[in-house]
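Structure record follows, encoded as structure tokens.
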Amino acid sequence: MCNPFRAIGIAAAVFGAAAAALPLWAGQSNSLMDISHDGSLLACSNRDSGTVTLIDLPSLEKRCEIRVGQHPEGVSFLGHSHRLAVAVYGSDRVVFCDADTARQVGATDVFDEPYGVVSSPDGERLFVTLDYPGRVVEIETASFSVVREIPAGRFVRGIALAPPENRLYVTEYYSAVVKAIDLETGLIVDQWKGASTDNLLRQITLHPRRPKAYLPHLRSRVTSVHGSGSIFPYVSVVDTIAGDGKRRKRIPMDAFRGNLVTANPWEIALAPDGKRAFVVFAGTNDMFACDVIDDDYRELGYARYVRLGANPRAVRVAPDGRTVFIYHALDFEVVAFDADTCQEQGRVAITENPLGDEQLVGKKLFYAALQPMVGRRWISCASCHPDGEPDGRTWHNPEGLRNTQSLAGMAWTHPIHWSGDRDEVQDFEHTIRGPLMQGRGLLAGRLNPPLGQPNKGLSESLDAIAAYSNSHAVRLSPHSKGGLSAAARRGRTIFASPRTGCSRCHNGPFYSDSRPGPAADIVRHDVGTGHQDPTEKMGPAYDTPTLLGIYRTAPYLHDGRATTLIEVLREQNPDDKHGVTSHLSDDEITDLVAFLKALPYEDPIPAAKRLGLKQVSR
């Protein structure tokens, strides 16, 4: 399966000898790529392929590709070895591989959604963030056994290890809060909050010598309905020896080089000497090479700008600091650049396209903050729906307050939007051309109104976006891995009971009465939640969302007013219009919530097909 770098080769002497003298080791900060301590191997996780690829750096050849499971994310070599760990997000496993033999050597099952991975310097311990429910798992790598689980916040992804301090640093994905965990006690001993608008922080990188941490994330201004005022790219710099509110600086990346706007910062990497930082932007397909300024004020200075391929999601610097590697996730390749000049040195294909041609086109458009999708570069579809997930925000849209929904299962639950004002994904051409995205659009010619005659079939590009958007499947709930608990079974009885009426609207395998079909068949319900927002234009009746995966999609309701499922049932259910729940005891509410959190406890698609239900393919 070897596939050599095309174009210019990089001498093998670049790697190896200098690495041993450096204070860093492989896997100190989380990334979708990692380089072995000796500089001889690069590992890259391939989310869409379900594999991890090993590249031999001295020969610049693809060594092998190892299948690890559904949606792998973080990778880390273990200490100074050629063994590595992969956080397989969709399979709820950490998979261990031997790069020299190109084989899996072990695995550790975890509760749910492992994302970031870092190794101890000796490789004997591994630390993994679980996005849900917000924990750090410590694994003994010799036995692949979990030795400790540490509560770490809500939806934690980024992770970095600082052994001199005996500390882990973790990041909350939706709030961008950074927390320090003392490894001796397992307690959170410090934290650095950002602004309330900070969002989607998935990675953290430590400076090799100074007490600094670097954070690529978004700023989401939910009160703006224009793409040029709603979402901004940032790198924040945290002083790790100062406490909450004392030392956290945000650097706007949309003004870093004059008026050049970038979008969706995904990862940042520092050179081993700490003098250069590299930030990749997955929306505008580019990178900033930055001078690291030791002044506790400016922090980063502009050095070079590099245009990249489709959807760059990872960046790593070789141990000797001479080469920087970029992962073009939707070109399925890793590209090498000279770290000083940023001139390309070569590239290697790491996996075959697993999506098919149409979905690949659609996914590239979905992630692009560029024309014809977007006019002013700040925002892409993926800015709010990365990998089909919600951004945890409630936006002040022109039609009123709207909580971002997951795309999982959407193909079975049209219409789209809380207002049910789109009966096909192709109707989002109106959004692309509108004030939010300000793009040229994907359709040449007449565009039919939403809920009017179909726009499907009028544009291959629009159909491709629909194919990708409708491809997101629901995953089984971690709360029902061993089957429904006794509480969840009691809750299921309450849910189906005529005295609550929950299943009158939330019915069928997808727990929704929404079905793809003609606009005239769209059903909306007034559940008493649409009367408190003075900006509401289209309510108070709303489309019925699926309940599958609801355990991880807070906040709830169309306006995000409920932060927990208990709030939905107790405090935000006026006059029992959203199911008759006021008569339920506290124990019955607890059981009902246990059932909701267990959804889905089985794959809904076989049942949907048995009932003759149809999905939208694109």
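Compute the helix-to-body angle for 586-597: its Cα long axis versus the longest principal axis of the chain, expressed 0 to 90° and rounded to tens. On a 0 to 90 degree scale, this one is about 60. Summing charges over neighbours of Asp543, with a neighbour being any other residue whose Cβ is under 13 Å away from its Cβ, gives -2 when K and R count +1 and D and E count -1. Using Cα atoms only, what is the angle between the long axis of helix 486-496 and the major principal axis of the chain, expressed in degrees (0 to 90) to the nearest 10? Result, in degrees: 40. Only the Cβ atoms of Lys and Arg (+1) and of Asp and Glu (-1) were treated as charged; on that basis the dipole of the chain about its Cα centre amounts to roughly 800 debye. Please tell me the relative contact order of region 114-220 in percent, rounded to the nearest whole number, where contacts are Cα pairs under 8 Å and at least six residues apart. It comes to 17 percent, rounded to a whole number. The calculated FRET efficiency for Lys614 paired with Asp109, based on their beta-carbon distance and R0 = 45 Å, is about 0.80.
Using the alpha carbons alone, the radius of gyration of region 478-610 stands to its Kirkwood radius in an Rg to Rh ratio of 0.96.
Measuring nothing but how far apart in sequence close Cα pairs (under 8 Å, 6+ apart) lie, relative to its length, the chain scores a relative contact order of 9 percent. For volume of the Cα convex hull per residue in Å³, the candidate list reads [x] 175; [y] 152; [z] 204; the entry that matches the value derived from this model is [y].
If you add up the charges near Glu424, with Lys and Arg at +1 and Asp and Glu at -1, over every other residue whose beta carbon is less than 11 angstrom from its beta carbon, what do you get? Intermediate results must be reported in sequence, preceding the final value.
Working: positive: Arg422, Lys456, Arg618; negative: Asp423, Asp427, Glu429, Asp463.
With Lys, Arg at +1 and Asp, Glu at -1, the neighbours total -1.
Each residue of region 337-346 was assigned a 3J(HN,Hα) from its phi angle through the Karplus curve 6.51 cos²θ - 1.76 cosθ + 1.60 (θ = phi - 60°); the sequence is 10, 5, 5, 8, 8, 6, 7, 5, 10, x Hz, with glycine and proline shown as x.
Size descriptors for region 359-469: radius of gyration and Dmax over Cα atoms are 13.0, 36 Å.
Every number in this text was worked out from the coordinates using simple rules, so none of it is lab data. Just so we're clear, the structure is a prediction, and the values are computed from it rather than from any experiment. Positions of Cβ are generated from backbone atoms using ideal geometry, with glycine treated the same way; all protein chains shown enter the neighbour counts.
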